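Asks: Please find one structure pasted underneath; my questions will follow.
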Amino acid sequence: AQSVTQLDSQVPVFEEAPVELRCNYSSSVSVYLFWYVQYPNQGLQLLLKYLSGSTLVKGINGFEAEFNKSQTSFHLRKPSVHISDTAEYFCAVSSSGGSYIPTFGRGTSLIVHP
Amino acid sequence: NAGVTQTPKFQVLKTGQSMTLQCAQDMNHEYMSWYRQDPGMGLRLIHYSVGAGITDQGEVPNGYNVSRSTTEDFPLRLLSAAPSQTSVYFCASSRTGVGYTFGSGTRLTVV
């Protein structure tokens, strides 16, 4: 079984400040890790994914995440946020074998203030 | 490409009614899934399919049925709607199972 914990339900930040959204996972097997973004009244869009190789993964819109196997974490970062980054962010994990069906965290609401 | 298309976008049902939420994808993806999204709960898996003719239950399958007769379509059936099924429903598909494309959702209210 696998699970995901997003440590913050809401993260307020000022425009142009850096931000980190935290995600921890648990799994008994090797994993794939994902971050998705959901803008209001829309479906989810894939921001970035870690499958293997370099632990630092770059995604769209200037976001990046680092896979830390020893700490079972996959935190999402952006050095300078914009108002348009205001959205819900979901971390997800799937096993690297089997059905690959992802398990999602409960989401972190990023609120960017001017 | 249309991607993943969900219909309807909004629906109001009375308790006890049945209905089918439609999901179609035009990307020839093998993997398809249905999730429900509730405030503070994230996305919870209802049912999924790894190919035509193959379906399996997810975390919250009770009250829902699915079938996968073609690669393109994966309808979700509510057998007898209950207020607890008020939610936003998302269909998603993937070619390899790694990284999903989501539809825009169906907002369902059961009164």
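The values are calculated or read from the model by the stated rules, or taken from the named source; none is laboratory data. Because the structure is predicted, anything quoted here is derived from the model rather than measured. Here Cβ is always computed from backbone atoms with ideal geometry, including for glycine, and neighbour counts include all displayed protein chains.
Asks: Among the residues that make up the range B:72-93, is at least one of them in contact (Cβ under 8 Å) with a residue 24 or more places away in the chain, outside any strand (DSSP E or B) and closer than 23 Å to A:Lys49 by Cβ?
Replies: Yes, that holds for at least one residue.
Asks: Here's another thing I want to ask about it. Taking the range B:1-49 on its own, how many of its residues are in a loop (DSSP other than H, G, I, E, B) and hydroxyl-bearing (Ser, Thr, Tyr)?
Replies: 2
Asks: Scan the range A:10-21 and give yes if some residue there is at pLDDT 95 or above, on the phi < 0 side of the Ramachandran plot, within 14 Å of chain B (Cβ to nearest Cβ) and surrounded by fewer than 19 Cβ atoms within 10 Å (Cβ to Cβ), otherwise no.
Replies: Checked against the condition, which is being at pLDDT 95 or above, on the phi < 0 side of the Ramachandran plot, within 14 Å of chain B (Cβ to nearest Cβ) and surrounded by fewer than 19 Cβ atoms within 10 Å (Cβ to Cβ), the range A:10-21 yields at least one hit.
Asks: Another question, then. Among the residues that make up the range B:91-99, is at least one of them away from every other protein chain (no Cβ under 13 Å) and under 10 Å from the mean Cα position of the chain (by Cα)?
Replies: No, there is no match, as no residue in the range B:91-99 is away from every other protein chain (no Cβ under 13 Å) and under 10 Å from the mean Cα position of the chain (by Cα).
Asks: Is it the case that B:Ser67 is in contact with a Pro (Cβ under 9 Å, 6 or more places away or on another chain) and either at pLDDT 95 or above or not small (Gly, Ala, Ser) (or both)?
Replies: So B:Ser67 passes the test.
Asks: Go through (1) crowded, with 16+ Cβ neighbours inside 10 Å; (2) farther than 27 Å from A:Glu88 by Cα and name the single condition B:Val60 misses.
Replies: (2)
Asks: B:Gly3 fails exactly one of the following numbered conditions: (1) surrounded by fewer than 20 Cβ atoms within 10 Å (Cβ to Cβ); (2) in contact (Cβ under 8 Å) with a residue 40 or more places away in the chain; (3) within 21 Å of A:Tyr39 (Cα to Cα); (4) away from every other protein chain (no Cβ under 11 Å). What is the number of that condition?
Replies: Checking B:Gly3 against (1) surrounded by fewer than 20 Cβ atoms within 10 Å (Cβ to Cβ); (2) in contact (Cβ under 8 Å) with a residue 40 or more places away in the chain; (3) within 21 Å of A:Tyr39 (Cα to Cα); (4) away from every other protein chain (no Cβ under 11 Å), the one that fails is (4).
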